[in-house]
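The structure appears right after this line, and notes come after that.
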Amino acid sequence: MKQAIALEVNGDTYEVLVSPNQTLLEVLREKLGLTGTKKGCDLGACGACTVLLDGAAYLSCLMLAVDAVGKKIVTIEGLSQGGELHPLQKSFVELGGLQCGFCTPGIIMTAKAVLDEEPQPTEESLKKKMAGNLCRCTGYKKVLDSIMGATARMGGER
Amino acid sequence: MTQVLLPRALDELWDFLEEDPNTAVYSGGTDLLVNLRGGRINPSRLACLERIEEIRGVRDAGAAVFIGAATTHTHLLENSLVSSEFPVLTKAIRVLASPAIRNMGTIGGNIVNASPAGDTLPPLYALDAEVEIVSRKEAKRMPVSDFIVGPGRVRLGANEIVKGVWIRKAPEFNVRHFEKVGLRKSQACAVASLAAALSLSEGGKIERARLAWGSVGPTVVRSAEVEEALLGRELEIQMLAEVARLVERAVSPIDDVRASAQYRRIVAGRLLLRLAESGCKN
């Protein structure tokens with residue numbers, strides 16, 4: 001039986017009909033059309049589906065949509081402000097922090113959570129905190145460079 | 001599955017569980033969701049425990065600490081009472097899965113899931129933790145080693161849940177060690193792991209020893225024979241290598257996709273050798 005729920009995503013409230021066993025990932029992609037969040041392994045092992053819930057990184061593939069009611073959800077679509085890319089996004093574009101790009105939304109959302117908590121991380125700390133996001137193209141060097149580049153650009157701001 | 005229930009108090013939960021005995025509970029859901037979507041379980045309803053305030057957070061109860069079942073791993077990692085009293089638990093959680101999973105998964109979920117590779121379990125065994133089980137009518141406690149009876153199997157009756165876990169403070173243990181061997185550094189399921197709490201005398205002799213291995217048996221393994229063999233000895237590599245042979249006999253690992261039983265057996269023993277680094281000072 002479907003139920004009506006209200007989800008707050010990127011500052012907007014969406015009323016949607018969902019099945020109780022639908023994940024947040026499915027609802028974001030298939031009901032709300034927010035396909036920036038990717039379905040990789042669908043098992044919680046790759047990080048491609050990472051979104052922010054009340055500011056912390058969550059795996060949307062391991063979360064039921066009904067369980068996300070009442071939380072502030074932010075997806076990759078919610079990062080740019082007034083048509084201007086977020087400094088993290090700009091940094092990935094300019095420093096080539098992606099190749100195929102499939103893992104990139106998840107990586108950027110995790111990085112956002114990391115920098116909100118620790119605006120100037122050491123590379124060692126960054127590596128530990130990014131450990132749940134897999135990338136099969138880049139070898140991670142340019143991913144880390146891009147995040148470190150964004151910290152300089154942001155100057156400790158969010 | 002027709003409904004997900006989000007109770008905010010235990011009384012509300014009991015009503016839900018009594019209404020329909022085929023209601024499964026979860027706290028974190030990082031394993032449950034995988035099983036649900038893989039069709040391996042099919043409860044008629046799900047009840048999420050994460051909003052029940054009574055079973056969340058860490059409470060200092062004097063001689064012991066209570067950790068609510070729905071406390072996330074991230075919360076435990078950031079909790080100063082846990083890291084000062086039970087550093088062996090903090091060390092294990094630091095290498096548990098990934099940051100996002102630690103934001104979602106809870107210690108109660110890790111206990112009831114009862115995977116031999118559950119990373120909080122070896123520390124809980126080594127700390128002689130007790131699980132608190134509650135139903136509408138009663139509350140009882142049981143050592144975690146009695147509660148878990150096999151892979152995914154626990155002593156939990158109908159309409160009972162784990163409320164949390166009690167750990168006695170044990171300042172006499174001055175060596176607290178955890179190491180996990182996995183196929184990669186992070187987001188790895190343990191091939192073998194060791195949690196150890198030892199107390200060393202000023203002269204460096206082992207006065208008390210509690211050791212627990214993960215992923216090398218159907219449940220976490222403790223061995224009275226191994227613990228006794230360490231007593232009165234100094235933490236040096238030759239002695240540990242001798243005792244490692246006892247460890248190899250005490251564990252009962254299996255072959256799986258991650259490692260062979262034989263490799264796990266050897267690694268379980270060798271994990272002991274790292275304790276030599278704690279020998280000179282702790």
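The values are calculated or read from the model by the stated rules, or taken from the named source; none is laboratory data. All values derive from a computational prediction rather than experimental measurement. We place every Cβ from the backbone using ideal geometry, glycine too, and count neighbours over all the protein chains shown. Each accessible area value is taken on the protein alone, full model and side chains, heavy atoms only, with ligands, DNA and RNA left out. Shrake-Rupley method; radii C 1.70, N 1.55, O 1.52, S 1.80 Å.
Values computed for the structure shown
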| quantity | calculated |
| --- | --- |
| Magnitude of the charge dipole, region B:3-168, Cβ model with Lys/Arg +1 and Asp/Glu -1, debye to 20 | 400 debye |
| Pairwise centroid distance, computed over Cα atoms, of region B:125-144 with region B:7-29, Å | 19 Å |
| Per-residue [θ]222 nm for chain A (sum of -39500 (n - 2.57) over DSSP H runs n ≥ 4, rounded to 500) | -8500 deg cm²/dmol |
| Antiparallel DSSP beta bridges within chain A, as percent of all bridges there, nearest 5 | 90 percent |
| Count of Lys pairs (Cα-Cα under 27 Å; at least 8 positions apart or interchain) in chain B | 16 |
| Label-to-label distance, nm, for residues given as B:GLU19 and B:ASP256 (7 Å Cα→Cβ offset) | 3.6 nm |
| Charge context of B:PRO99, other residues only, Cβ under 11 angstrom, K/R +1, D/E -1 | +3 |
| On Cα atoms only, tilt of A:104-117 relative to the major axis of chain A in degrees | 80 degrees |
| Restricting region A:1-103 to trypsin sites (Lys or Arg not before Pro) in coil, as DSSP defines it, with at most 12 other Cβ within 10 Å | A:LYS2 |
| Rounded tilt (10° steps) of A:141-154 against the dominant C-alpha axis of chain A | 90 degrees |
| Positive minus negative residues near B:GLU19 (Lys, Arg vs Asp, Glu; Cβ under 14 Å) | -3 |
| Approximate spin-label separation A:LYS141-B:ALA276, in nm, with each point projected 7 Å along Cα-to-Cβ | 3.7 nm |
| Chain pair A, B: total accessible area buried, heavy atoms, 1.4 Å probe, Å² | 2000 Å² |
| Potential lengthening between B:GLU228 and B:ASP60 on full extension [0.36 nm per residue; Cα-Cα distance subtracted] | 57.4 nm |
| Computed magnitude of the charge dipole of region B:76-168 (debye, nearest 20; Cβ of K, R +1, Cβ of D, E -1) | 160 debye |
| Projected-area average for chain A over all orientations - Cα convex hull basis, square nanometres | 8.8 nm² |
| Region A:65-129 and region B:146-214: distance between their alpha carbon centers, rounded to Å | 35 Å |
| Residue-averaged 222 nm ellipticity for chain B, from DSSP H runs of 4+ at -39500 (n - 2.57), nearest 500 | -8000 deg cm²/dmol |
| Calculated P(r) of chain B - Cα pairs past 33 Å, % | 22 percent |
| Accessible surface, the protein assembly as shown, averaged per residue in Å² (probe 1.4 Å) | 44 Å² |
| Where the Cα pairs of the protein assembly as shown fall when distances are cut into 20 Å bins, in % | 25, 53, 21, 1 |
| Fully extended contour minus Cα-Cα distance, from B:VAL149 to B:ARG208, at 0.36 nm per residue | 18.7 nm |
| Whole-number percent relative contact order across region B:119-215, with pairs defined as alpha carbons under 8 Å at least 6 apart | 28 percent |
| Average beta-carbon neighbours from other chains, 10 Å sphere, peptide B:100-107 | 6 |
| Share antiparallel - DSSP beta bridges, the protein assembly as shown, percent rounded to 5 | 85 percent |
| Proximal lysines to A:LYS72, defined as alpha-carbon separation beneath 18 angstrom and excluding residues fewer than eight positions away on the same chain | A:LYS31, A:LYS112 |
